[in-house]
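The values are calculated or read from the model by the stated rules, or taken from the named source; none is laboratory data. Remember, it's a predicted structure, so these values are computed and weren't measured experimentally. Backbone-built Cβ (ideal geometry, glycine too); neighbour counts: all protein chains shown.
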Amino acid sequence: MEFFSGFSWAIPTAFADAVFQCRFEEGDVLYDSKEAYDDWGKAKEQITNSIQIRHPSKVVASLSSNEKSVLSRNWDTEVRLDLYENANKVGQGQIHTTQGRLFTLLWKGDLNVLDTNTVNPKPPVIASQLKNALKEVEKKALKIADSSLIFAMVYDSASSLLREKYKDLINQLGHQPTHLMPEKAGLKDWKKISPTIEIVLFPSKNKSREKFGEELKKVLYKPTKESTKDNFSIKRHGHIFTP
């Protein structure tokens, strides 16, 4: 089983849609330990906390392509849950809190954030808000590039759209990229960035800028049928750094 690396709790990548939308639903069970998702009999002694979601009900909904609107829309919506400590239920009845507070608990690990009388946490910085910050990773990117061009892209492993783009780039360029967590990449406000985000770096392998740009365009440019001119801009997707 694979897990997101940026959360304090153990969150399987199977929860990608819930994380991307900031919407956990009835029946979801979350643990603070990876072992809990395997053999419960052996793992229960290593688990301190777990959560079972009681509300909202599960719904079948298509994911919005506008990540900012869907996350913001759900951030302050209600979620009801049962909290367990050492396999024993905490308190009487359900805890009433918000999706954003639950997300922050899973991310940062502080149970106190579930209390609606505490300061409401801010949503994390998401991929679409980081395009202008890519210039901050130039030093690290060029060191990895080793005297060749390199394409830097913000990658959110919870986003189905970015996962598809990422796979297409690998297939087109023929090699795996380097992954860097925001802190290691050199982003200044890395503590505010969503725990599912990484910076991925695709070296050109000594291709010319023209050739490298053409290969990137084949993947990144998706013109509509109504398009009458070429509106492709690499800056909408990432940044090419030149040694």
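Filter region 110-139 down to residues that are among the small types (Gly, Ala, Ser) and under 13 Å from Ile199 (Cβ atoms), then give me how many there are. Please lay out each step first, then the result.
Taking region 110-139 as the starting set, the residues that turn out to be among the small types (Gly, Ala, Ser) are 127-128, 133.
Now narrow it down to the ones that are under 13 Å from Ile199 (Cβ atoms): 127, 133.
Qualifying residue count, region 110-139: 2.
Scanning region 144-180 for residues that are assigned to a loop (DSSP other than H, G, I, E, B) and either outside the structural domain of Asn206 (by TED's automatic domain parsing) or surrounded by 20 or more Cβ atoms within 10 Å (Cβ to Cβ) (or both) yields Leu149, Ser157, Ala158, Ser159, Pro177. Just so you know, in region 122-153 the residues that are under 13 Å from the mean Cα position of the chain (by Cα) and within 23 Å of Ile170 (Cβ to Cβ) include one that is modelled with the lowest pLDDT, and it is Ser128. Each residue in region 8-32 was checked for being more than 17 Å from Asp110 (Cβ to Cβ), in a loop (DSSP other than H, G, I, E, B) and either of a type in the set (Val, Ile, Thr) or modelled with pLDDT under 95 (or both), and 0 of them qualify.
For region 164-211, which residues satisfy the criterion of being within 22 Å of Trp9 (Cβ to Cβ) and without any contact (Cβ under 8 Å) to a residue 12 or more places away in the chain?
Restricting attention to region 164-211, the residues satisfying the condition of being within 22 Å of Trp9 (Cβ to Cβ) are 179, 181-184, 190-198.
If the condition is that a residue be within 22 Å of Trp9 (Cβ to Cβ) and without any contact (Cβ under 8 Å) to a residue 12 or more places away in the chain, then Glu183, Trp190, Lys191 are the ones that fit.
Output yes when any residue across region 188-202 is surrounded by 15 or more Cβ atoms within 10 Å (Cβ to Cβ), of a type in the set (Asp, Glu) and in contact with a His (Cβ under 6 Å, 6 or more places away or on another chain), and no when none is. Yes: one or more hits.
Being closer than 21 Å to Gln21 by Cβ and small (Gly, Ala, Ser) narrows it down to one residue among Ser159, Ser204; which is it? Give the steps one after another, and end with the answer.
Working: Ser204 fails: closer than 21 Å to Gln21 by Cβ.
One residue alone meets the criteria, Ser159.
Give Lys235, Lys222 a once-over and let me know the one that is outside the structural domain of Leu102 (by TED's automatic domain parsing), closer than 16 Å to Leu134 by Cβ, basic (Lys, Arg) and surrounded by fewer than 18 Cβ atoms within 10 Å (Cβ to Cβ).
On the way: Lys222 fails: closer than 16 Å to Leu134 by Cβ.
Testing whether each residue is outside the structural domain of Leu102 (by TED's automatic domain parsing), closer than 16 Å to Leu134 by Cβ, basic (Lys, Arg) and surrounded by fewer than 18 Cβ atoms within 10 Å (Cβ to Cβ) leaves just Lys235.
Whether a residue is at pLDDT 95 or above, in contact with a Phe, Trp or Tyr (Cβ under 6 Å, 6 or more places away or on another chain), closer than 22 Å to Phe24 by Cβ and not β-branched (Val, Ile, Thr) was assessed, and Ser194 does not pass this test. Of Ser5, Ser69, Ser50, all but one fail to be of a type in the set (Gly, Ala, Ser), in a strand (DSSP E or B) and either touching a residue at least 12 places away in the same chain (Cβ under 8 Å) or closer than 24 Å to Trp190 by Cα (or both); the exception is Ser50. Before we move on, is Glu78 among the charged types (D, E, K, R), over 17 Å from the mean Cα position of the chain (by Cα) and assigned by TED's automatic domain parsing to the domain that holds Asn206? Considered against the rule, which asks whether it is among the charged types (D, E, K, R), over 17 Å from the mean Cα position of the chain (by Cα) and assigned by TED's automatic domain parsing to the domain that holds Asn206, Glu78 comes out as no.
Applying the set (1) modelled with pLDDT of 95 or more; (2) surrounded by fewer than 16 Cβ atoms within 10 Å (Cβ to Cβ) to Ile51 leaves exactly one unmet item: (2).
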